[in-house]
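See structure below.
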Amino acid sequence: MKIINGFKLAEEVLSRRTSTEFYDNNLEPEVKQIIDEVRGGGDAALFGFTLKFDRVKLSSLEVSPEQVKDAYRQVDEELVSALKLAAERVGSFHQKQKDSLAKAGLSSLIRPLERVGVYAPGGTASYPSTVLMTAIPARVAGVKEIILTTPPGPDGTVPPPTLVAADIAGVDRIFSIGGAQAIAALAFGTDSVPAVDKICGPGNIFVALAKKLVYGVVGIDSLAGPSEVIIIADDTANPAYCAADLLAQAEHDPLASAVLITTSEQLADEVNKEIERQLKVLERQPIAAESLRKQGVIAVVADVDEAIELANLYAPEHLCLMVKGADALVKKLTNAGCIVTGESATVVLGDYVFGPSHVLPTGATARFASPLNVLDFVKFTSLLKVDKAALKKLGKAAATIARAEGLEAHARAVEKRLEPD
């Protein structure tokens with residue numbers, strides 16, 4: 001990884017406002033065409049795109065209950081047990097959030113969404129954790145029907161771990177569809193796929209652009225970009241742990257960003273050496289190496305306050321504090337999707353089993369966005385109940401503001417109620 005020295009140079013390298021460059025490309029017209037064809041052609045278009053993009057000829061778009069049951073026989077019991085543990089913790093975390101929401105006492109009606117679509121990446125890989133991290137918060141929120149779409153593998157079937165995770169998470173229906181065509185199907189509906197109210201879950205650039213284009217027809221959680229981490233470390237940090245966490249992020253994707261900001265030149269050198277050692281044994285070594293070569297940065301700064309300022313500027317998806325007195329510094333970190341503290345902690349625990357959803361804001365959107373949570377799956381309806389006393393207290397002010405805006409009928413609607421009986 002390249003090492004840069006000093007706050008000013010690090011500020012230049014790490015400054016960004018948005019990740020629009022990830023979406024500003026010539027793929028949007030192609031994605032729009034896919035959406036239009038699915039909207040017009042329905043199931044036939046879905047079968048056609050699956051054959052074209054996934055090179056799989058499906059006989060059915062929907063995964064049957066029998067296929068889900070059979071998946072359990074194909075998945076190692078240890079993995080099933082791990083998925084159940086993760087599901088329990090994710091459910092417990094979000095249930096506590098729901099309980100605290102119910103106690104807020106807001107003058108609102110809080111209702112779950114009727115039907116939600118969750119997207120899980122797939123194809124050549126399997127991401128059962130994403131199914132848990134999207135479907136379980138929806139289920140806890142009370143969503144009545146959860147639809148999962150995920151690409152088929154090379155053999156034409158959804159990977160068994162994904163099906164097991166969907167069953168554990170309480171997904172109602174599963175469709176073997178990926179890419180922009182899956183997003184279009186969820187947004188507009190087809191003969192087989194029901195239209196949903198909101199679409200959640202990460203995916204590739206085609207999925208992200210499709211979500212962008214259907215927003216307004218349906219709600220979306222976010223426009224997920226490449227994964228990213230910043231580690232803030234001082235001379236007390238373990239170089240091997242730092243390197244391992246940077247590599248864990250880098251192996252996601254060649255576009256993933258792994259950044260170390262440290263107050264120690266010695267640690268910077270040691271982490272670089274550790275990365276070289278650990279990189280050699282990774283199966284995804286080419287991907288991680290490319291990510292670190294293109295986006296990897298080690299910045300050496302004067303003190304932890306400078307490191308925190310840079311982290312807030314960058315607004316990372318994941319932020320790890322490997323410094324002395326880390327807990328006391330959390331309040332200074334204003335822009336991050338997830339903050340990890342303690343030498344025993346790692347982003348990977350949050351990815352799988354800690355509890356909060358791993359669907360996090362990327363591309364500097366942590367400045368204004370939050371992790372996927374129960375609030376993403378409920379809607380608030382304001383509740384106004386006005387008696388005579390409240391009308392007498394508030395009515396004259398409402399009428400005054402209405403007339404200031406030139407809305408005489410508004411003012412009269414209040415004043416009619418203020419007239420003596």
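Taking region 1-120 as the region of interest, the helices (runs of 4 or more DSSP H) fully inside it that hold 3 or more residues being modelled with pLDDT of 95 or more, assigned by TED's automatic domain parsing to the domain that holds Asn204 and in contact with a Pro (Cβ under 7 Å, 6 or more places away or on another chain) are 77-102. For region 342-356, does any single residue satisfy the condition of being polar (S, T, N, Q), outside any loop (DSSP other than H, G, I, E, B) and either without any contact (Cβ under 8 Å) to a residue 24 or more places away in the chain or surrounded by 16 or more Cβ atoms within 10 Å (Cβ to Cβ) (or both)? The answer is no; no qualifying residue exists. Any residue that is touching a Phe, Trp or Tyr at 6+ places or on another chain (Cβ under 8 Å) and in the same structural domain as Thr346 (by TED's automatic domain parsing) - is there at least one of those in region 250-266? Scanning region 250-266, I find at least one residue that is touching a Phe, Trp or Tyr at 6+ places or on another chain (Cβ under 8 Å) and in the same structural domain as Thr346 (by TED's automatic domain parsing), so the answer is yes. Within region 305-327, residues that are in contact (Cβ under 8 Å) with a residue 60 or more places away in the chain reach partners that are acidic (Asp, Glu) and assigned to a helix (DSSP H, G or I) with beta carbons closer than 7 Å, at six or more positions or on different chains, in the pairs Leu310/Glu11; Leu313/Glu11; Cys320/Asp245.
Collect the residues in region 269-307 that are within 24 Å of Ala326 (Cα to Cα), among the β-branched types (Val, Ile, Thr) and assigned to a loop (DSSP other than H, G, I, E, B), keeping them in residue-number order.
Let us first name the residues in region 269-307 that are within 24 Å of Ala326 (Cα to Cα), namely 269-272, 274-275, 296-307.
Pick out the ones that are also among the β-branched types (Val, Ile, Thr) and you get 271, 275, 297-298, 300-301, 304.
Answer for region 269-307, where residues must be within 24 Å of Ala326 (Cα to Cα), among the β-branched types (Val, Ile, Thr) and assigned to a loop (DSSP other than H, G, I, E, B): just Val301.
Do you know which residues across region 363-384 are within 26 Å of Glu114 (Cα to Cα) and either of a type in the set (D, E, K, R) or not in a loop (DSSP other than H, G, I, E, B) (or both)? Result: Val374, Leu375, Asp376, Phe377, Val378, Lys379, Phe380, Thr381, Ser382.
Taking (1) assigned to a helix (DSSP H, G or I); (2) among the polar types (S, T, N, Q); (3) assigned by TED's automatic domain parsing to the domain that holds Glu251 in turn, Thr400 satisfies each apart from (3). Filtering region 367-386 to residues that are surrounded by fewer than 19 Cβ atoms within 10 Å (Cβ to Cβ) and among the charged types (D, E, K, R) leaves Arg367, Lys379, Lys385. Can you name the condition, by its number, that Gly123 falls short on among (1) modelled with pLDDT under 95; (2) farther than 28 Å from Gly41 by Cα; (3) outside any strand (DSSP E or B); (4) more than 18 Å from the chain's Cα centre (by Cα)? Single failed check for Gly123: (2).
Residues in region 244-263 that are in contact with a strand residue (DSSP E or B) (Cβ under 9 Å, 6 or more places away or on another chain) and assigned to a helix (DSSP H, G or I) were compared, and the one that is farthest from Gly342 (Cα to Cα) is Ala250. Please specify each residue of region 177-208 satisfying the condition of being surrounded by fewer than 24 Cβ atoms within 10 Å (Cβ to Cβ), out of contact with any Gly (no Cβ under 8 Å at 6 or more places or on another chain) and among the hydrophobic types (A, V, I, L, M, F, W, C). If the condition is that a residue be surrounded by fewer than 24 Cβ atoms within 10 Å (Cβ to Cβ), out of contact with any Gly (no Cβ under 8 Å at 6 or more places or on another chain) and among the hydrophobic types (A, V, I, L, M, F, W, C), then Phe188, Ile205 are the ones that fit.
The values are calculated or read from the model by the stated rules, or taken from the named source; none is laboratory data. Keep in mind the model is a prediction, meaning the values are calculated, not measured. So basically every Cβ, Gly included, is an ideal-geometry build from the backbone, and we count neighbours across all protein chains shown.
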